[in-house]
Structures are given as C-alpha cells and as structure tokens.
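The values are calculated or read from the model by the stated rules, or taken from the named source; none is laboratory data. What you are looking at is a predicted structure, and each value in this text was computed from that prediction instead of being measured. FYI the Cβ positions are ideal-geometry reconstructions off the backbone, even for glycines, and counts take in every protein chain you see. Quick note on the areas: whole protein, heavy atoms, side chains included, nothing else; ligands and nucleic acids left out. Shrake-Rupley method; radii C 1.70, N 1.55, O 1.52, S 1.80 Å.
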Amino acid sequence: MALKHQAPRGTRDLLPDELERWQWAESRARDVLARYAYREIRTPLFEDYELFARTSGESSDVVQKEMYRFQDLKGRDLALRPEGTAPVARAYLEHAMGGAGRCHRLWYMGPMFRYGRPQKGRYRQFYQIGAEIIGTVAPAADVEIIALFVDLFEAWGFRDLTVAINSVGTPQSRRAYGERLRAWLEPVRHRLGADSQARLDSNPLRVLDTKDPAELDLLAGKGGDLGPMPRMLDSLDEESRAHWAAVLQALDALGIRHEIDHGLVRGLDYYTRTAFEAHDRSLGPGQSALGGGGRYDGLIEALGGSPTPGVGFSIGLDRVILVLEQRGFAPPPGPAKVFVVAMDETRAPAAVLVRELRREFVVDWDPEPRSFGAQMKAAGRSGARCMVLLGEDEWKRGEVVIKDLASGSQETVPRAGLEASLRAQLGGELNREIPSR
Ligand code: HAM
C-alpha cells in the first residue's frame, strides 16, 4: 500500500538511534557555551518577512530564492526563519537588553528554514547552534567568538579545523571594493554565467560566492590575463585595518589555526569587518561550510536601534553530525538499563515496582502480558544491562531475582534491598552521563 504522506522534500525525521548522536553533540555544546558564560535565548520560528529581507540583503540567495514566506489568516507577511542573528537582534531591541557598558553573550539552537535544492548536507529544515556577543567593538570579542567556534568543534572531536578568515570592511569600503572587482571582471563578463552576470551589476561581491568551477578558476586568476584578483583587505578603511591586525595578532596569541581567504564574503549582507568560516571538503563543494559568522556592526541600527555592534557565528549541526558519522563516531553509551520481567501473577506488583525503580534507574518492561520466554527475548533485544525477575514464589517470599545479562549470573535479593543491589551491580554504568569534556 502506498503511503499517503511522507516528510516534505528537504526535511527528515530524526529517529531515536540517530538522535543519540545529536543529543551527545548538543549536550557537549551546551557545556562549552556555559563555560564561556553565554546564555541561551529562544526566538520564534517565524518572524516578519521584512526582518530578514532588510537584514540579509536583497541580493542574497536567502532573500532572492530561499525564503519560506507566507501570509497568516490575517494577511500578515511572515517568514520561517532562515537564520538566527536577525531574530536575536530583534529580541535584543524589543526587550531593551542593551545598557551602557554592557555586552550580552547569547546562544541559540534550533531549526532554520531555507528553500534550496536538497542534497547531502543541504536541507530545507536544518539545525544551527549559534552564538552572538552584542554591544562591543573590541577585537577581543571577535577573537573570543572565533575561539568559542573552534572549541565547540574540538568538543565534538574535530582536531584539524582551520578557520578561513577575511575582513569585509565597512559598507563604504565594501562598495569601493565592489567597484574594483566589477572593473576587474568586466573584460570577462561574457565568460560568467547568467547569475554571476546579474550579480556583477547588482552586487559584485556576490560573484565571489559562486560554486561554478569555471568561474572559480577565473577568480583564482587561472585561464586569463586578468592579473590577480583585487583584495578586499587592500580597500579597508584605516579603522577596519587596525581592527583586522588586532584580530590576527590575538588569534596567533591564542594559537588558533587560521588562513586568510580573500574570496570569503559570506552569504548574508549584514557583515562588517571580520568574517570567518570553517569547511569540511568531504561534504561536497556546494555545502562544505560547517559554520560561519562575523561582525555585524550596522545590523541593530538597521532595525531601528541605536548603533550597537555585534559579532557571532552559527554552526550547521546537520553537517557536523554527517562528518561525525563519516568518521565512524558512535556516542558513548548512556546509563545502564534495567528490564523488569513479570509472571501473570506478579504483573500488578511489577507495574508498581517499575514505577518505583524509575525514580532512580532507566527501566524498561513489556506492557503486554506476554509469556516469560517472550519477555526474556525482549529484555535481550532492549540492550538492558540486567533483568529483575518477579517470579511468583520469590515474590511471595518478598524476594526478586537480578540477572546480569552480560555474564548470565543471577542472585536472589530481598525486595527491600533491590535498589542497593542494583546500585552495587551497575556501579559506574548507572550515572553514566554524557562526558563533559
Ligand atoms: P550561514 O553561513 O548562512 O550563517 O549559516 C551557518 C551554517 O548553517 C552554514 O555554515 C551551514 O553549516 C549551515 N547551513 C546553512 N544552510 C543550510 C542548509 N540548507 N542545510 C544544512 N545546513 C545549512 C548564518 O546563518 C549566520 N546567522 C551566522 C552568524 C551568526 N553570523 C553572525 N552571527
């Protein structure tokens, strides 16, 4: 029989086995974020469409072709959030979180929505972990954000991460650079695809975002006598240049591996000065970015606030998990499980016992009145570490049997001593939580 419904294209269900990996990654991230003194913020999954249109940039892919835009029943113009920074900035303003001399460290985790062509590592509903510091222009804040970015990857076991970094200057210096870039590309305009030709007119920096191999070669100075591509760093204003130098110096001092990428412009328009990304080539050319971020000193002002600088990043959790999977990563086992097996005569007390044990232990049992043999099989399949058997005779004597499913050994213990015996038997496996570091 054909199924009547499937998950919408570009979305997927995360099933329990897979989610163990996600929960491990999320828990490790929470731990790192807490030690960096960031605090969680949760914003709605949808916002006014204008919030994103105004901040992401009219010429960005996100606004041009990826927004889940809809009207509600009252005709409000809304969009599923394609990213988290504009909503955080909106919330920051709405709740007047700013205060003189204070900066705010915030993080968020959750689904984002972009209507793109789905493929491995690219989904229409995907998950991000992001962090933002709002309220400081200090280069030390950029470096703290990059250190946090790297430390999250380290907590997930990435040891070989290099951060690609660039400075996109101010809107003025970027405009000046855009003109230089346009002039440089003009002689080869005919060799660009239709998309890039349009971008050359509307926003030349977007041409640097191309995934087309022939265009990438052109930008890399291959196959033409264009000479080297002009660099954004050469168009920086003095203050941005000083900021850039301070960031690089502090990254070196912290031993954070980084590489200057002159073509790095980021896909959203709100960036100023520092911009950075991390990539994993194994994901394929179009979706290799594991995460990225940068400074956005004009964003909050664009939303009607007083000029308030900020810097942050988001990491694509789907892609992180894909890379972990490719590397054969299995999350550490959770706490040991106990399986309770009852006879027909001991079903009712077993239900009570299960509830009592669940105050302390992870307990499974079969709610169906199945045969002893069927329950034993279910216990074996459940991954339980041990079984508690409620035999009729033992129960009448006030006893139960604990069977170790690994060794097969068993012992009869008084009901009153069951918890203590389980504690002794399961020992360290009981409180086995996700290790924090
Ligand atoms: P972004 O570079 O657009 O930045 O997205 C961050 C990350 O989200 C990407 O590097 C990628 O891992 C993941 N991602 C994006 N689109 C998809 C998709 N369709 N499927 C799977 N993963 C995806 C931002 O969103 C900014 N808000 C980052 C930021 C925070 N900048 C400053 N603060």
The whole-number value in µm²/s of the Stokes-Einstein translational diffusion coefficient for the range 107-216, with Rh from the Kirkwood sum over alpha carbon pairs at 25 °C and 0.890 mPa s, is 141 µm²/s
Stokes-Einstein translational diffusion, the range 337-429 - Kirkwood Rh over all Cα pairs, 0.890 mPa s, 25 °C, in µm²/s:
189 µm²/s
Arrange the residues 239, 215 by how much accessible surface each exposes, largest first, with a 1.4 angstrom probe.
239, 215
Measuring from its Cα centre, the range 337-429 shows a charge dipole (+1 at each Lys and Arg Cβ, -1 at each Asp and Glu Cβ) which, in debye to the nearest 20, is 240 debye
If the reach is capped at under 22 angstrom between alpha carbons, list the lysines near residue 120, excluding any in the same chain fewer than eight residues apart.
65, 211
Residues listed by number, the range 208-242, amide nitrogen under 13 Å from residue 197 label point at 7 Å toward C-beta
none
In whole Å, how far is the Cα centre of the range 179-231 from that of the range 267-330?
24 Å
Count charges around residue 262 for me, please; just the other residues with Cβ under 10 Å from its Cβ, Lys/Arg as +1, Asp/Glu as -1.
-1
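Tell me the Kirkwood hydrodynamic radius of the range 198-259 in angstroms, computed as one over the mean inverse distance between distinct C-alpha pairs.
14.3 Å
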By the Kirkwood definition, with r running over pairs of different Cα atoms, the chain has a hydrodynamic radius in Å of 25.2 Å
Roll a 1.4 Å probe over the protein chains and send me the accessible area per residue for the range 159-267 in Å².
52 Å²
Taking the dipole of the range 1-107 about the Cα centre (Lys, Arg +1; Asp, Glu -1; charges at Cβ), the one of 71, 95, 82 that reaches farthest to the positive side is 95
Mind jotting down the three principal axis lengths of the range 244-309 based on Cα atoms? Whole angstrom, largest first.
42, 32, 17
Let me check the size of the range 89-172 from its C-alpha atoms; what are the radius of gyration and Dmax in Å?
16.0, 46
In Å, the Kirkwood estimate of hydrodynamic radius for the range 292-342 over Cα pairs equals 15.5 Å
Extending each Cα 7 Å along its Cβ direction at residue 45 and residue 360, get the distance between those two points in nm, one decimal.
4.0 nm
Lys/Arg Cβ at +1, Asp/Glu Cβ at -1, dipole of the range 271-427 taken about the Cα centre: which of 287, 349, 412 is farthest positive-ward?
287
Give me the dipole magnitude in Debye, nearest 20, for the range 1-119 about the Cα centre, with unit charges on the beta carbon: positive for Lys and Arg, negative for Asp and Glu.
100 debye
Got a sec? Charge dipole of the chain, +1 on Cβ for Lys and Arg, -1 for Asp and Glu; which of 153, 53, 24 is way out at the positive end?
53
Sequence-distant or interchain residues sharing an amide H contact under 5 Å with residue 128, placed H: which?
110, 112, 317
Please list the three semi-axes, largest first and in whole Å, of the ellipsoid equivalent to the range 1-134, using sqrt of 5 times the eigenvalues of its alpha carbon gyration tensor.
28, 23, 13
15 Å Cα-Cα reach of residue 403 towards aspartates and glutamates, excluding residues that sit fewer than 8 places from it in its own chain
364, 394, 411, 419
Taking protein heavy atoms only, a 1.4 Å probe, and rounding to whole percent, the accessible area of the chain owed to carbon and sulfur comes out at 51 percent
Within the chain, the percent of DSSP beta bridges that are antiparallel, given to the nearest 5, stands at 75 percent
Measure nothing fancy, just the Cα-based angle from helix 347-357's long axis to the longest principal axis of the chain, in degrees from 0 to 90, nearest 10.
50 degrees
Length-normalised contact order of the range 142-227 in % [C-alpha pairs under 8 Å, at least 6 apart]:
17 percent
To the nearest 10 degrees, how steep is helix 85-94 against the longest Cα principal axis of the chain, on a 0 to 90 scale?
90 degrees
Could you tell me how far the Cα centroid of the range 93-149 sits from the Cα centroid of the range 36-55, in Å?
9 Å
